[in-house]
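Report on the structure given below.
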Amino acid sequence: MSTLLSQLLSNSDNDTLWIADENSKALLTAGLQFRGTLLSNRWDIVHAAEQICISALFSDFDLPAIEKTFSRIVYPVSKEKAAVHHVINTAAERLQENGELILIGSKNSGIKTYAQKAAQKFGGGKSLQKHGTEYSSHNQLNRDATLGVALDDSDYRALRKLDSLNGLFSKPGLFGWNKIDVGSALLARHFSEQLPKTPFNALDLGCGFGYLSVQLAQLAPDTHIVATDNNAAALLACQNNFDLHGIKGEVIAGDAGSQVASTSVDIVICNPPFHQGFQVEGDLTDRFLADAARTLKSGGSALFVVNEFIPLARKTEGLFREVTLLEKAKGFCVFRLTK
């Protein structure tokens, strides 16, 4: 938990915008007193904020779409450079005269480089302060100053069809957004022999841009697929890929499978994440397994691919009656789990 961020937010007024990344949940669950507005690209962060009556917005860091302007924007820098550059580029549009953009990060987050880039964008001098193991960068908006050129954000807001994804839509803001994940490709190879007899309902748990859903739909075009993800960028890309391929189903926001009804699907497909921002999050796989078991009908199966160091067989104890290793290759393991 960031002590510096907690101090800044606790002392903020109604005109503060907190851009909350995936590492911010601990502050919310600790009962943070924050009077401003929270913006996050993570559904679970927004949901947690609303539970303690904080005004919260869910979007892919879409600052220009916010109607209000702010005296201060506080942003613990994200892991992805394109996202940080996008926020620095668009922050000035939502700041009041003499408003301040405050970036926060540890040394390994790239904060020193971002401080220099923010100063150039805002047309002022670099202002970096050290607070123990953390740093804060302060940049004030002066309407009379000449703003610097936009930072390279890889055209952050634009969805694009990529040849590297066989023509699927994706965008920056997603992990591995411009390549097919090795684990997902391994998992998809088993669909033809592991899918139940049609018709059936499927759940793509942690869908990303929808690669697994598309592979499944090509084998079973009449299947109803629910795809869910926590990330706003993923939902935008996945919905476009559903539309592109005429997939029957829906794309919904949720934390793992939190918004999917119990015992509602015949099969779950999943390549669960194991990183949360700059940290390795050990219980992410546990949550995805628990939601797979909860949403499956009796006798249904879940097809999972995980890094080989994840002890998935042990983690499934009490959730599934049968665990079958289908393949171990390229640092990944593919499993079939039977409810």
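Quick notes on this one:
- Number of the condition not met by Asp255 [criteria: (1) under 23 Å from Val46 (Cα atoms); (2) free of Cβ contacts under 8 Å to residues at least 60 places away in the same chain; (3) not small (Gly, Ala, Ser)]: (2)
- Restricted to the range 225-339, the set of strands (runs of 3 or more DSSP E) holding at least 1 residues that are more than 19 Å from the chain's Cα centre (by Cα) and surrounded by fewer than 19 Cβ atoms within 10 Å (Cβ to Cβ) comprises 249-253, 296-307, 322-329, 332-338.
- Flag for Leu168 being open to solvent by less than 50 Å² (accessible area, probe 1.4 Å), modelled with pLDDT under 95, closer than 24 Å to Leu235 by Cβ and within 20 Å of the chain's Cα centre (by Cα): no
- The combined condition, being open to solvent by less than 20 Å² (accessible area, probe 1.4 Å), within 24 Å of Phe335 (Cβ to Cβ) and modelled with pLDDT of 95 or more, is fulfilled by Val214.
- Applying the set (1) in contact with an Asp or Glu (Cβ under 8 Å, 6 or more places away or on another chain); (2) open to solvent by 30 Å² or more (accessible area, probe 1.4 Å); (3) assigned to a strand (DSSP E or B) to Gly105 leaves exactly one unmet item: (2).
- Residue match in the range 151-163 (condition: open to solvent by 50 Å² or more (accessible area, probe 1.4 Å) and touching a Gly at 6+ places or on another chain (Cβ under 6 Å)): yes
- Under the condition of being farther than 17 Å from Gln259 by Cβ and open to solvent by 20 Å² or more (accessible area, probe 1.4 Å), the residues counted in the range 38-59 number 5.
- Within the range 192-211, considering residues that are surrounded by fewer than 19 Cβ atoms within 10 Å (Cβ to Cβ) and touching a Leu at 6+ places or on another chain (Cβ under 8 Å), the one farthest from Asn23 (Cα to Cα): Ser192
- Boolean, Thr285 is hydroxyl-bearing (Ser, Thr, Tyr), touching a Pro at 6+ places or on another chain (Cβ under 9 Å) and touching a residue at least 12 places away in the same chain (Cβ under 8 Å): yes
- Scanning the range 203-218 for residues that are of a type in the set (Gly, Ala, Ser), touching a residue at least 24 places away in the same chain (Cβ under 8 Å) and in a helix (DSSP H, G or I) turns up at least one hit.
- Checking the range 88-95 against the condition returns no match, with no residue being among the basic types (Lys, Arg), open to solvent by 60 Å² or more (accessible area, probe 1.4 Å) and more than 15 Å from Ala232 (Cβ to Cβ).
The values are calculated or read from the model by the stated rules, or taken from the named source; none is laboratory data. The model shown is predicted, which means the values in this text are computed figures rather than measured ones. Please note: Cβ atoms are built from the backbone with ideal geometry, for glycine as well, and neighbour counts cover all protein chains shown. Accessible surface is based on the protein model in full, side chains and every heavy atom, while ligands, DNA and RNA are left aside. Shrake-Rupley method; radii C 1.70, N 1.55, O 1.52, S 1.80 Å.
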